[in-house]
Amino acid sequence: MPAPPLDLLWARLDGNNRPALETRLSVLDHGLLYGDSAYETLRTYAGKVFRLGEHLARLRRTAAGIRLELPWTDAELAAEIAALQADLQGELYIRLLVLRGVGELDYARNGAQRPTLLVLAGPFVEQPEWLYTRGLTAGLVEMRRSPHQALSPTYKTGNLLNARLAHMEARERGWQEALMLSLEGHLTEASSSNLFLVLDGVLSTPAVSDGILEGVTRNAVLELAVAAGLPTRVASLGPETLDQASEAFLTSTTRAVGPIGQLGGRNLPVPGPLTARLMELFRAHAGGL
């Protein structure tokens, strides 16, 4: 998931734009101390933030889920993004973060605690060409996806250790991406992307109820597939389906549609015919990649 180099990242904090490396947060912000935050990763196509409304809606669902009250309207959040975007050029990678804010070193809720709003942005780094000719390597790791009964995986929070440890495990095994199971043994997603498999010609993806983040790009791909009359299936998928898949790909804001060329050591076509069709449909929908 390429992100801008740190020296090219800019930040907007307290109404000011400055280089991210020169931006300072309080060491007493609970977003830093406890990973108590919500965030969204966005990107632009032709200068426009892709599906901003859906990202903001998911941000609000996450905030509500972790009892974090947002004092900003969607219009105000969009204006903060636009204020940073105005000082930058070209296509952008954007991260919108809401941290709990400065507070005492305890878990008690503090009515006077005001959330911190931080926007990061920098030039979007295009995916390498090999992604679309060789594809990613991915496989199942031992690390399981956090269950709904703990910190719900449907929330996009700053607590990313579960996914990060899974990614580290994948790298140690020689894979570029980790595929994770739920505690019940169902496929969920990759460490930072949603998973799609082609099973007997049907585009298949795990259900949200099995412990995935409902990705904005995932939803866009499903909508495009249905509109194009392609057979789709959203359901619980067992790990055995990885061996049955004729094609596989991952979706995310930064990858868009990223083919998997090697799945648990088994080679797959890159891109397969259905994957290639969806890549084409997504390019047309988003206005280019």
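The values are calculated or read from the model by the stated rules, or taken from the named source; none is laboratory data. In this text, all values refer to a predicted model and were calculated from it rather than measured experimentally. In this analysis, Cβ positions are derived from the backbone assuming ideal geometry, glycine residues included, and neighbour counts consider all displayed protein chains.
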Kindly establish whether ALA170 is buried (at least 22 other Cβ atoms within 10 Å of the Cβ), part of a helix (DSSP H, G or I) and of a type outside the set (Phe, Trp, Tyr).
yes
Looking at region 135-165 only, could you name the residues that are farther than 24 Å from LEU33 by Cβ and not polar (S, T, N, Q)?
GLY135, LEU136, ALA138, GLY139, LEU140, VAL141, GLU142, MET143, ARG144, ARG145, PRO147, HIS148
When residues of region 75-103 are filtered for being touching a helix residue (DSSP H, G or I) at 6+ places or on another chain (Cβ under 9 Å) and more than 14 Å from VAL119 (Cα to Cα), how many remain?
4
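Would you point out which residue out of ALA138, ALA150 is of a type in the set (A, V, I, L, M) and touching a residue at least 40 places away in the same chain (Cβ under 8 Å)?
Numbers: ALA150 fails: touching a residue at least 40 places away in the same chain (Cβ under 8 Å).
Going through ALA138, ALA150 in turn, just one is of a type in the set (A, V, I, L, M) and touching a residue at least 40 places away in the same chain (Cβ under 8 Å): ALA138.
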I'd like to know if region 54-76 contains one or more residues that are touching a strand residue (DSSP E or B) at 6+ places or on another chain (Cβ under 9 Å), buried (at least 20 other Cβ atoms within 10 Å of the Cβ) and over 17 Å from GLY158 (Cα atoms).
no
Can you tell me which of (1) within 21 Å of the chain's Cα centre (by Cα); (2) more than 24 Å from GLU223 (Cβ to Cβ); (3) part of a helix (DSSP H, G or I); (4) of a type outside the set (D, E, K, R) is the one ALA83 doesn't meet?
(1)
Which condition breaks for HIS186 when tested against (1) over 28 Å from LEU9 (Cβ atoms); (2) modelled with pLDDT of 95 or more; (3) loosely packed, with under 14 Cβ neighbours inside 10 Å?
(3)
Which listed residue, of LEU281, LEU250, LEU230, LEU224, is in contact (Cβ under 8 Å) with a residue 12 or more places away in the chain, touching a strand residue (DSSP E or B) at 6+ places or on another chain (Cβ under 7 Å), surrounded by 14 or more Cβ atoms within 10 Å (Cβ to Cβ) and not in a loop (DSSP other than H, G, I, E, B)
LEU250
Going through region 36-70 in order, the residues found to be in a helix (DSSP H, G or I), closer than 22 Å to ARG255 by Cα and free of Cβ contacts under 8 Å to residues at least 60 places away in the same chain are LEU52, GLY53, LEU56, ALA57
